[in-house]
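> Below is a structure I'd like to ask you about.
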Amino acid sequence: MQTNNSLGKYLIIIGACVILAGIIIYFFHDKLQWIGKLPGDIRIEKENFRFYFPITTMLLVSLIVSVLFRLLRNFL
């Protein structure tokens, strides 16, 4: 039954992270306008066509999430 305890612990941690992200976005959305508009994000806009590929933003988010998971794994 050890797996149920660890699964519950991880679900609580993920839920707390989602709530924290929601609070940050709710209260600081006006200060986070730069997300998705970084140099390296590909944006093509024409009359009837839009293409958006936020590659730099995705790399930055991936790096931050990887560092957070590594820190959580070391401390838990």
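> Taking region 2-53, which residues are among the charged types (D, E, K, R) and either touching a His at 6+ places or on another chain (Cβ under 7 Å) or surrounded by fewer than 10 Cβ atoms within 10 Å (Cβ to Cβ) (or both)?
If we filter region 2-53 for residues that are among the charged types (D, E, K, R), which is where we start, we get 9, 30-31, 37, 41, 43, 45-47, 50.
Selection gives Asp30, Lys31, Glu45, Lys46, Glu47, Arg50.
> Name the residues in region 1-24 that are among the aliphatic types (A, V, I, L, M), without any contact (Cβ under 8 Å) to a residue 12 or more places away in the chain and assigned to a helix (DSSP H, G or I), would you?
If we filter region 1-24 for residues that are among the aliphatic types (A, V, I, L, M), which is where we start, we get 1, 7, 11-14, 16, 18-21, 23-24.
Subsequent filtering for residues that are without any contact (Cβ under 8 Å) to a residue 12 or more places away in the chain retains 1, 7, 11-12, 14, 16, 18-21, 23-24.
Once the filter is applied, which keeps residues that are among the aliphatic types (A, V, I, L, M), without any contact (Cβ under 8 Å) to a residue 12 or more places away in the chain and assigned to a helix (DSSP H, G or I), region 1-24 yields Leu7, Leu11, Ile12, Ile14, Ala16, Val18, Ile19, Leu20, Ala21, Ile23, Ile24.
> Still on this model: Determine which member of the set Phe27, Phe75 is over 25 Å from Ser6 (Cα atoms) and without any contact (Cβ under 8 Å) to a residue 24 or more places away in the chain. Show your work before the answer.
Working: Phe75 fails: over 25 Å from Ser6 (Cα atoms).
Testing whether each residue is over 25 Å from Ser6 (Cα atoms) and without any contact (Cβ under 8 Å) to a residue 24 or more places away in the chain leaves just Phe27.
> Any idea which residue in region 5-40 is farthest from the chain's Cα centre (by Cα), counting only those that are among the hydroxyl-bearing types (Ser, Thr, Tyr) and at pLDDT below 90? Can you show your working first?
Initially, region 5-40 is screened for residues among the hydroxyl-bearing types (Ser, Thr, Tyr), giving 6, 10, 26.
Next cut, at pLDDT below 90 only: 6, 10.
Details: Ser6: 23, Tyr10: 17 Å.
Ranking the candidates gives Ser6 first.
> Suppose the filter is surrounded by 12 or more Cβ atoms within 10 Å (Cβ to Cβ) and either modelled with pLDDT under 90 or over 30 Å from Ile12 (Cβ atoms) (or both); does Val61 pass it?
Yes.
> Can you tell me which residues in region 26-76 are of a type in the set (Phe, Trp, Tyr) and not in a strand (DSSP E or B)?
Scanning region 26-76 gives Tyr26, Phe27, Phe28, Trp34, Phe69, Phe75.
> Could you tell me whether any residue of region 35-55 is of a type in the set (S, T, N, Q) and in the same structural domain as Phe69 (by TED's automatic domain parsing)?
yes
The values are calculated or read from the model by the stated rules, or taken from the named source; none is laboratory data. Since we're looking at a predicted model, the values are computed, not measured. Cβ sites come from the backbone with ideal geometry, for glycine too, and all protein chains shown count toward neighbours.
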